[in-house]
Amino acid sequence: MMDVKLELIIVVKLLASFLLGAFIGLDREKHGRDAGIRTYAAVCIGATLFTAIAAHLVSDVAAASRVIANIVTGVGFLGAGIIYRNS
């Protein structure tokens, strides 16, 4: 069961990932590139949330690292989609 302190830590991590993702997306939109603020903010929040859930639910480090590895794979597919779209 989660306590309030752990929930606040997760919320702070989600807010930080949103701000950093939005900042990266803003820079991309400013330079006229695809995948702007909403895309990067959503990807960052999703990756942070899945990582936080995996770290909390799974006590096995190998299982949590598999979740993180799949997040990296998903972000790679998003990048490949952007490259393919621009070609």
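Coordinate-derived values only; no laboratory data. Source: prediction; values computed, not measured. FYI the Cβ positions are ideal-geometry reconstructions off the backbone, even for glycines, and counts take in every protein chain you see.
Data overview
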| quantity | calculated |
| --- | --- |
| Total charge dipole magnitude, the chain, about the Cα centre, Cβ charges on Lys, Arg, Asp, Glu only, Debye to nearest 20 | 240 debye |
| Relative contact order %, region 4-86, counting alpha carbon pairs below 8 Å whose residues are six or more apart | 23 percent |
| Within a Gaussian network of the chain (alpha carbon springs, distance under 10 Å), most fluctuating of Thr39, Thr51, Thr73 | Thr73 |
| Within-14-Å neighbourhood charge of Gly25 [Cβ basis; K, R +1; D, E -1] | +1 |
| Gyration tensor (alpha-carbon) shape descriptor, the chain, a/c threshold 1.5 | oblate |
| Separation of the Leu20 and Leu49 label points, Cα + 7 Å toward Cβ, nm | 1.8 nm |
| Per DSSP, loop trypsin sites (Lys or Arg not before Pro) in region 1-79 with at most 12 further Cβ within 10 Å | Arg33 |
| Cα long-axis angle, helix 4-30 against the chain (0 to 90 degrees, to the nearest 10) | 10 degrees |
